[in-house]
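Heads up: the structure comes next, in structure tokens.
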Ligand code: HEM
């Protein structure tokens, strides 16, 4: 892929990832966040955090699918950092708007409410990943250790999905789409790795 196309795609990704935030900001300024503004902010930021996290996980299977998609790696970090950005606003909304900074309620919540425990776990797993997302960190940790640490992203996504399911009312199936996407991505990875190895072996033996 040439430089110009890459820059265009990166710009479009930035616009797409920032648009939920821009829309929320617009609705906040124009007082159109709906009957429960706090919930609108929490739900939008939570959903987009999980969506971007799962999209970042789609990069590796897509690259395994075709070597022509290897450029997608340049988007994985961006998507991961946007997931962290939305998760941070999500958490800040909870602390500031739901709890009014009453950290004693937070302490009770992260020990007693199971959906908060799962959300907290997901966020705690995202922190070291965001902190080590720089090229400097990759060099400092070494590729192998960095890769091992960044496998935590799968666990963060699972905790995020569990948090989502535990948050919705019984019978509500809105988390299903993201759950199926995550399951497909989990299953695709070993299958595609196997197929890629076979392709390479065949190419070597020809
Ligand atoms: C300590 C950390 C977290 C807390 C306290 C928290 C809290 C909440 C709360 C209170 C809601 C319900 C909002 C409402 O019904 O008005 C919610 C929903 C949600 N949260 Fe979190 N959350 C946390 C971390 C996360 C993380 C890290 C993710 C994503 C990776 C996430 C994804 C979601 C999703 C997808 C929803 C449901 C959105 C929807 O129904 O459309 N949360 N969270």
All but one of (1) closer than 30 Å to residue 135 by Cα; (2) assigned to a helix (DSSP H, G or I); (3) touching a helix residue (DSSP H, G or I) at 6+ places or on another chain (Cβ under 7 Å) hold for residue 1, so report the exception by its number.
(2)
Return a yes/no flag: does the stretch 19-37 have any residue that is more than 16 Å from the ligand (Cβ to nearest atom) and buried (at least 16 other Cβ atoms within 10 Å of the Cβ).
no
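Within the stretch 34-84, track down each residue that is in a loop (DSSP other than H, G, I, E, B) and under 29 Å from residue 191 (Cα atoms).
First pass over the stretch 34-84, keeping only residues in a loop (DSSP other than H, G, I, E, B): 34-36, 66.
Matches in the stretch 34-84: 66 only.
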For the stretch 85-127, which residues satisfy the criterion of being more than 15 Å from residue 158 (Cα to Cα), in contact (Cβ under 8 Å) with a residue 40 or more places away in the chain and near the ligand (Cβ under 9 Å from one of its atoms)?
86, 90, 93, 94, 98
Confirm whether residue 68 is closer than 24 Å to residue 178 by Cα, more than 15 Å from the ligand (Cβ to nearest atom) and either loosely packed, with under 11 Cβ neighbours inside 10 Å or at pLDDT below 95 (or both).
no
Going by what's in this entry, would residue 79 be described as closer than 30 Å to residue 8 by Cα and either touching a residue at least 12 places away in the same chain (Cβ under 8 Å) or more than 10 Å from the ligand (Cβ to nearest atom) (or both)?
yes
Look at the stretch 20-38 and say how many of its residues are free of Cβ contacts under 8 Å to residues at least 60 places away in the same chain and within 16 Å of residue 80 (Cα to Cα).
0
For residue 125, work out the one condition from (1) touching a helix residue (DSSP H, G or I) at 6+ places or on another chain (Cβ under 9 Å); (2) closer than 22 Å to residue 167 by Cβ; (3) surrounded by fewer than 18 Cβ atoms within 10 Å (Cβ to Cβ) it doesn't fulfil.
(3)
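The values are calculated or read from the model by the stated rules, or taken from the named source; none is laboratory data. Note that this is a predicted model, so its numbers are computed, not measured. Backbone-built Cβ (ideal geometry, glycine too); neighbour counts: all protein chains shown.
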